[in-house]
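One structure is given below, represented as structure tokens, and several questions about it will come after.
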Amino acid sequence: MSYIRNVDEITFTSKDYKNRLIKTVERTIRVYSMIEPGDSVLVCVSGGPDSVALLHIILSLAQRFSLKVGVAHLNHCLRQKDSDNDAEFVAFLARKFDLPCYIKKEDVSKYQHEEKLSPEEAARIVRYRFFESSAEKYMFNKIALGHNADDNAELVIMHLLRGSGPLGISGIPPVRNGKIIRPLIKLTKFEILEFLTVNELKFVLDKSNNDERYLRNRIRHRLIPHLKSSYNRKIVETINRFASIISSEEEWIDDLINSIFNKSVLSAENNSVTLSIFSINGLHIAARKRIIRKAIAKIKGNLRRITFSHIDSIISLLNSEHAFGHIDLPDRIRIKRDGDIISFSRKKGALRDLHKKLSDENKFSFEYRILKPEAGFKAEISPMSLLIKELGLNMEFSKIDIENLSDVYRAGHNVAFFDMDKFGFPLFVRNVRPGDRFQPFGMSGTQKVKKYFINNKITRVQRDRCPILLSQKKIMWVVGRRIDDFFKIKQSTRNILKVEVSLA
């Protein structure tokens, strides 16, 4: 690793312009605490105008901050000979200033197809992975990237068009994780190009930046020029100001949510987080969504590919009267509800393989008999309990008087009420078996339990873990789902059996 000693090698034809622009960058560095004296900065140089300007500006500030500087370049192999030429240019630039240079060649197209990603997403993942591994290997504590104000405006517009929330439209963070820094984030593209032109600094151009098949390029070459000419000539500055306001408010809200999130966490490990549904469901819907996103980000590392509909599906799972269920998200993320808790986990293998494994594991058989209690099962007698050890569930049976019928209207799907004159002991609790039929509450005819599961989109894993309550051979309750219409409470009912299921 080399110290920058001979900054005089960087020549400028306009000293005033150089000083003004570098002061802007230095102010940005200080405002966001990007660099401290003695830092080691790995400058990521593609060879394009932004990264070349970034390298020269960092070198101009190196002596003032006593910096160690290195150069990193990833050859994406996307443009064949042009990609190789870019790498050679960056290597030449590093040699010119006697800087350590780390160049790697990686087949991004291959990675894209293996992981089923877009070209932009695949390139971004591979690029950042290389930068971070190089910084760790060669002991750089800062990674400098050349994003500018135009890049930020383009990204904000792109997120707006895609319907992103506040986090998306808050733009590119000037500093991420205290390590990745963007010193040029307050400079416009025009200012950067003017800096390069005035000082006769060479750079290379990536022709793919003109390919308007990509949304970002259409925004850059069509939409923003149209907005400038027809609506606001300072649209880039306006959008950046808007993003800055949103970003500041996001930081404040995130601090508030952190406290609520921590109180809702029941357990947290590297690849899983478990939350209390009771703690979450009492919150405003906006807070609930933020907590869900935070839980996903905690195990996934980011929120890429997580959409509005994904979050809404999890909210529906939280609000569901069914005690059990799960949702699978991109990148092997599984959200699972078990009674009053909800867990977020990242699985090692493909979820379809896990689903088959769980289904196979859960194909067990169990059956429990519940005898009629002594003393006539009076209301004042303590409730009976049954532990279903195969499922980790507890069922509680108690008799209530007709005066307590109001309980019916406050109960969820984990509680059921039955007319005691319609059934006799012993009762049985077992798993679902082929051919099981019942008359779902409110329906006139019978239906196979399997058909009921299919109609209500209950997964195979959920079916295997769903107990059935029977009076002798007649189904009373598909537990946690629907009672049989025959056993429902009527105006003539006097004696009621209350059955409640919960996690053991």
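The values are calculated or read from the model by the stated rules, or taken from the named source; none is laboratory data. In this text, all values refer to a predicted model and were calculated from it rather than measured experimentally. Neighbour counts are summed over all protein chains in view; Cβ atoms, including those assigned to glycine, are modelled from backbone coordinates with ideal geometry. The accessibility values were calculated without ligands, DNA or RNA, using every heavy atom of the protein model including side chains. Shrake-Rupley method; radii C 1.70, N 1.55, O 1.52, S 1.80 Å.
Can you name the residue in segment 157-199 that is modelled with pLDDT of 90 or more and at positive phi and is also surrounded by the fewest Cβ atoms within 10 Å (Cβ to Cβ) among such residues?
Per the criteria, the residue is ASN177.
Further question: Given segment 391-436, what strands (runs of 3 or more DSSP E) lie entirely inside it while holding 2 or more residues that are under 19 Å from ARG494 (Cβ atoms) and at pLDDT 90 or above?
By residue number, 415-419.
Let me ask something additional. Filter segment 249-281 down to residues that are among the hydroxyl-bearing types (Ser, Thr, Tyr) and part of a helix (DSSP H, G or I) and give me whichever is farthest from ILE341 (Cα to Cα). Spell out how you get there, then give the answer.
Within segment 249-281, the subset among the hydroxyl-bearing types (Ser, Thr, Tyr) is 259, 264, 267, 272, 274, 276, 279.
Then drop every residue that is not part of a helix (DSSP H, G or I), which leaves 259, 264, 279.
Numbers: SER259: 19, SER264: 10, SER279: 10 Å.
Of everything passing the filter in segment 249-281, SER259 is farthest from ILE341 (Cα to Cα).
For segment 48-72, give me each residue that is within 11 Å of PRO37 (Cα to Cα) and either out of contact with any strand residue (DSSP E or B) (no Cβ under 7 Å at 6 or more places or on another chain) or among the β-branched types (Val, Ile, Thr) (or both). Give the derivation first.
Residues of segment 48-72 within 11 Å of PRO37 (Cα to Cα): 61-68.
Residues satisfying the conditions are LEU61, GLN63, ARG64, PHE65, SER66.
Going by the structure shown, is LEU54 surrounded by 16 or more Cβ atoms within 10 Å (Cβ to Cβ) and over 33 Å from the mean Cα position of the chain (by Cα)? Full working, then the answer.
Numbers: surrounded by 16 or more Cβ atoms within 10 Å (Cβ to Cβ): yes; over 33 Å from the mean Cα position of the chain (by Cα): no.
No.
Could you list, in sequence order, the residues of segment 101-113 that are under 21 Å from the mean Cα position of the chain (by Cα) and either surrounded by fewer than 16 Cβ atoms within 10 Å (Cβ to Cβ) or in contact (Cβ under 8 Å) with a residue 24 or more places away in the chain (or both)? Break it down into steps so the answer makes sense when it comes.
Step one: filter segment 101-113 for residues under 21 Å from the mean Cα position of the chain (by Cα), giving 112.
Hits for segment 101-113: nothing passes.
What is the residue count in segment 304-336 for residues that are open to solvent by 40 Å² or more (accessible area, probe 1.4 Å) and touching a Lys or Arg at 6+ places or on another chain (Cβ under 8 Å)?
The number of residues fulfilling the criteria is 5.
Also: Note down all Cβ pairs under 6 Å where the first residue falls in segment 273-288 and is closer than 12 Å to LYS263 by Cα, the second is among the hydroxyl-bearing types (Ser, Thr, Tyr) and part of a helix (DSSP H, G or I), and they're at least six residues apart or on different chains.
If the second residue must be among the hydroxyl-bearing types (Ser, Thr, Tyr) and part of a helix (DSSP H, G or I), the pairs left are LEU275/SER264; SER276/SER264; SER279/SER264; ILE280/SER264.
Please verify whether VAL479 is open to solvent by less than 30 Å² (accessible area, probe 1.4 Å), in contact (Cβ under 8 Å) with a residue 12 or more places away in the chain and under 33 Å from the mean Cα position of the chain (by Cα), treating the condition exactly as stated.
Details: open to solvent by less than 30 Å² (accessible area, probe 1.4 Å): yes; in contact (Cβ under 8 Å) with a residue 12 or more places away in the chain: yes; under 33 Å from the mean Cα position of the chain (by Cα): yes.
Answer is yes for this residue.
Checking ASN209 against (1) assigned to a helix (DSSP H, G or I); (2) at pLDDT below 95; (3) surrounded by 15 or more Cβ atoms within 10 Å (Cβ to Cβ); (4) not aromatic (Phe, Trp, Tyr), only one condition comes out false. Which one?
(3)
If the requirement is being open to solvent by less than 40 Å² (accessible area, probe 1.4 Å) and of a type in the set (A, V, I, L, M), which of these qualifies: LEU93, LEU78? If you could, list the steps in order and put the result at the bottom.
Details: LEU78 fails: open to solvent by less than 40 Å² (accessible area, probe 1.4 Å).
None of the others qualify; the one that does is LEU93.
Could you say whether any residue in segment 115-126 is surrounded by 18 or more Cβ atoms within 10 Å (Cβ to Cβ), charged (D, E, K, R) and in contact (Cβ under 8 Å) with a residue 40 or more places away in the chain?
Initial filter on segment 115-126 (surrounded by 18 or more Cβ atoms within 10 Å (Cβ to Cβ)): 117, 122-123, 126.
Adding the requirement that they be charged (D, E, K, R) leaves none.
Within segment 115-126, none of the residues are surrounded by 18 or more Cβ atoms within 10 Å (Cβ to Cβ), charged (D, E, K, R) and in contact (Cβ under 8 Å) with a residue 40 or more places away in the chain.
Count, please, the residues in segment 289-303 that happen to be part of a helix (DSSP H, G or I), aliphatic (A, V, I, L, M) and either open to solvent by 60 Å² or more (accessible area, probe 1.4 Å) or touching a helix residue (DSSP H, G or I) at 6+ places or on another chain (Cβ under 7 Å) (or both). It would help to see each step written out before you state the result.
As a first pass, look at segment 289-303 and keep what is part of a helix (DSSP H, G or I): 289-300.
From what's left, aliphatic (A, V, I, L, M): 291-292, 295-297, 299.
With the extra rule that they be either open to solvent by 60 Å² or more (accessible area, probe 1.4 Å) or touching a helix residue (DSSP H, G or I) at 6+ places or on another chain (Cβ under 7 Å) (or both), the set shrinks to 291-292.
The number of residues fulfilling the criteria is 2.
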